Structures are given as C-alpha cells and as structure tokens.
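Input: a single structure, listed below in structure tokens.
The values are calculated or read from the model by the stated rules, or taken from the named source; none is laboratory data. Remember, it's a predicted structure, so these values are computed and weren't measured experimentally. Backbone-built Cβ (ideal geometry, glycine too); neighbour counts: all protein chains shown.
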Amino acid sequence: MKKITEELLDDRQHSRHSLSPILLTFHQTDNHRNPAPMNSFEVYVSKDTFKFNAAHFVAFQNYRERLHGHNYKIGVRLLGDRQGGGKIGPDGYVIDFGNIKAVCKQVCKRLNEHFLCPMYSDVLKITLSDDDNDGTKGSVRVECQDGTHFVFPKQDCMLLPIVHATTEELGIYLWSEILHGLHAPYLLQRGIHTMEVTVAEAPGQEATFRHAIPTENSATGKLDVRHFIMEGDVIPMPCPTESDKTSKTQGTQSASSPCSCPDCGGTTKFSEQLQQLAAAINNGRLQSKGPISAQDLEKALSEQT
Ligand SMILES: [Zn+2]
C-alpha cells in the first residue's frame with residue numbers, strides 16, 4: 001500500500017551500498033562490544049552540544065504511542081586498524097575531533113524542534129500538501145489506524161526514510177547522515193573501517209548502530225536507509241495481538257480492529273473466507289443434519305481451496 005507520492009519516493013532513492021549484516025549491532029547501555037583486534041584504535045566523541053529535542057510516536061500494527069518528545073543525545077565512535085593499511089596521519093590524529101563535532105552539531109540542528117515523521121510506516125497514512133510554489137510551507141497529514149489524525153506544518157517535520165520513529169531506526173538514519181558529513185573515502189583513507197552511532201532518548205536508554213564504512217559507492221557517502229530497514233536486516237515487530245494488554249492500558253488500541261499482519265492471515269483473507277462460507281450456505285453446498293459445526297465450516301473452506 002503506497003501512502004506517499006512517487007515523487008517523494010524518487011527523491012529518496014539512493015544508490016545502494018554493499019552491506020554487511022554481521023556488523024549491525026544494537027545494544028543497550030552496557031556498551032558491550034566485540035573485543036578490539038591488536039593494533040586497532042578508536043575515538044569516541046559525545047559532547048553536550050550533540051543533542052536535539054524532537055517529537056515522535058512509535059506506531060506499528062494495532063498500536064501507537066501518544067505524541068510525545070525526547071531530549072535526544074548522540075555519540076560517535078570510529079574504529080580503525082593499522083594493519084588494514086591505515087595510519088595515523090602526520091597531524092597525529094585518527095581524525096580531528098573538530099570534524100566530528102562540526103558534523104554532529106549540524107545533523108542535530110537539522111532535527112532539533114521537529115516532528116520525526118517515519119515516511120515508510122506501514123500503518124500510518126502520510127499525505128503531503130503544498131500550499132505554495134516553493135514547497136517550504138504546506139502541511140503533513142498523518143492518519144493512524146485507530147482513526148485519529150494529526151496535521152503538522154511541513155516546515156516543523158523531518159520527513160525521514162524510516163519505518164518506525166524508534167531510537168534504533170533513528171540511529172541508522174543518523175549513521176548515514178554523519179557518514180555523509182565525514183566523507184567515507186576520507187575515513188577509509190585514514191584507516192577507519194567502522195563507525196558506531198549511539199542515540200539516547202533519555203539517560204540510560206540508548207541504542208547503538210554499528211556498521212562498516214562502505215567501500216563501494218563511497219563517493220555518495222550515504223547508506224540507503226530505507227532499503228536497509230525494509231529489506232530484511234531488521235527483524236519485524238511481532239504481532240501484538242497476544243500482548244495487547246499494554247496497548248489497551250494506554251487507550252490506543254482499537255478493540256474492534258483485527259490484526260492484519262501476515263502471521264494472523266490479515267483482514268483481507270478473513271473477509272474472503274467469510275464470503276466463501278456465505279456463498280457455500282447460499283448455494284446449498286454447506287448442509288448439515290444438525291446445527292452447523294466449526295468442522296463443517298472448515299470442511300467447506302478447504303473444499304473451496
Ligand atoms: Zn518516545
């Protein structure tokens with residue numbers, strides 16, 4: 001189901017990089033990582049200025065959070081290996097901290113005081129409208145499964161190529177933006193092979209995205225965030241039907257809306273089955289000497305397929 005314009009999709013098509021899922025890790029605050037090889041080096045930068053305030057809500061099948069905000073903080077770790085041919089430059093740096101600070105501050109500034117809009121959500125219907133010619137104004141309408149909707153000024157939104165506005169997916173997006181700013185060929189030249197971006201939405205509540213610096217198409221300097229998230233490297237959210245206590249507690253679940261995820265067969269399939277049963281009853285194919293049982297209905301359905 002397409003919810004956004006083809007024009008926007010085209011705008012967000014980037015050349016795809018060679019990706020290694022082995023290096024994709026999300027971890028919690030214990031900062032657990034693989035042991036570093038000998039002759040390796042790393043730098044980590046996380047300044048008080050690497051922060052942004054933003055509004056968001058997470059939404060997936062039959063669930064959405066209420067609109068709320070966080071004071072996000074980010075950190076960047078760069079890992080290199082002298083044995084890989086990299087050397088600390090004549091300036092004595094792995095990389096000048098000033099480079100990282102400039103890029104991170106710029107990336108944070110772009111997100112600051114915006115609504116983080118996940119343009120490839122599979123449960124939100126997102127419609128863009130332009131009220132003027134240059135497209136700087138206009139609005140973003142977000143319709144939710146539970147029937148509620150929001151309308152934001154477009155200039156207050158960051159239209160992100162992600163599926164869920166989670167800290168994890170935000171980490172993938174920020175990784176790509178920071179890589180673009182730091183320039184992948186430059187990092188590779190200095191022996192840096194891997195970058196981690198940590199995103200904290202609150203103290204002690206953070207996710208880290210770690211990935212190799214792409215060597216192919218590195219001139220474009222961006223990860224294809226949309227494809228990376230949507231094409232299998234991230235495990236989909238499980239069906240929440242069995243654990244809908246949480247969503248009911250929060251008052252966001254539509255009690256009458258059945259789950260439409262593939263695991264549950266989907267509302268379309270259920271509707272088709274009802275139609276088949278109705279046809280079987282109406283044309284007399286479904287008959288029973290006594291009351292119709294569930295087994296009779298199952299048998300009628302199996303004869304249809
Ligand atoms: Zn949140």
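Part of a strand (DSSP E or B) and surrounded by 17 or more Cβ atoms within 10 Å (Cβ to Cβ): does that describe VAL123? So VAL123 fails the test.
None of LYS101, LYS154 is at pLDDT 95 or above and more than 16 Å from the ligand (Cβ to nearest atom) except LYS101. The conditions of being closer than 30 Å to ASN62 by Cα, buried (at least 16 other Cβ atoms within 10 Å of the Cβ) and at pLDDT 50 or above are met by HIS227.
Among the residues of the range 65-83, those that are at pLDDT 90 or above and out of contact with any Leu (no Cβ under 8 Å at 6 or more places or on another chain) comprise GLU65, ARG66, LEU67, HIS68, GLY69, HIS70, ASN71, LYS73, GLY75, VAL76, ARG77, LEU79. Going by the conditions given, is PHE60 closer than 27 Å to HIS227 by Cα, modelled with pLDDT under 95, within 16 Å of the ligand (Cβ to nearest atom) and surrounded by 14 or more Cβ atoms within 10 Å (Cβ to Cβ)? Yes: the conditions hold for PHE60.
The rows are residues; the columns are (1) within 16 Å of the ligand (Cβ to nearest atom); (2) at pLDDT below 95; (3) under 20 Å from VAL107 (Cα atoms); (4) crowded, with 16+ Cβ neighbours inside 10 Å.
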residue	(1), (2), (3), (4)
ASP146	no, yes, no, yes
LEU159	no, no, yes, yes
THR167	yes, no, yes, yes
GLY171	yes, no, yes, yes
THR194	no, yes, yes, yes
THR208	no, no, yes, yes
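A Cβ distance below 7 Å, combined with a sequence gap of six or more or placement on separate chains, defines the contacts here; from the range 53-79, residues that are touching a residue at least 24 places away in the same chain (Cβ under 8 Å) and closer than 30 Å to PHE41 by Cβ reach residues that are acidic (Asp, Glu) and near the ligand (Cβ under 9 Å from one of its atoms) in the pairs TYR72/GLU201. TYR186 meets each of the listed conditions (1) outside any helix (DSSP H, G or I); (2) more than 16 Å from the ligand (Cβ to nearest atom) apart from (1). Here the range 63-77 is the region considered, the condition is being more than 9 Å from the ligand (Cβ to nearest atom) and outside any strand (DSSP E or B), and the residue that is nearest to ASP48 (Cα to Cα) is LEU67. Scan the range 104-118 and give yes if some residue there is among the aliphatic types (A, V, I, L, M), farther than 22 Å from ALA59 by Cβ and modelled with pLDDT of 95 or more, otherwise no. Among the residues of the range 104-118, at least one is among the aliphatic types (A, V, I, L, M), farther than 22 Å from ALA59 by Cβ and modelled with pLDDT of 95 or more, which makes the answer yes.
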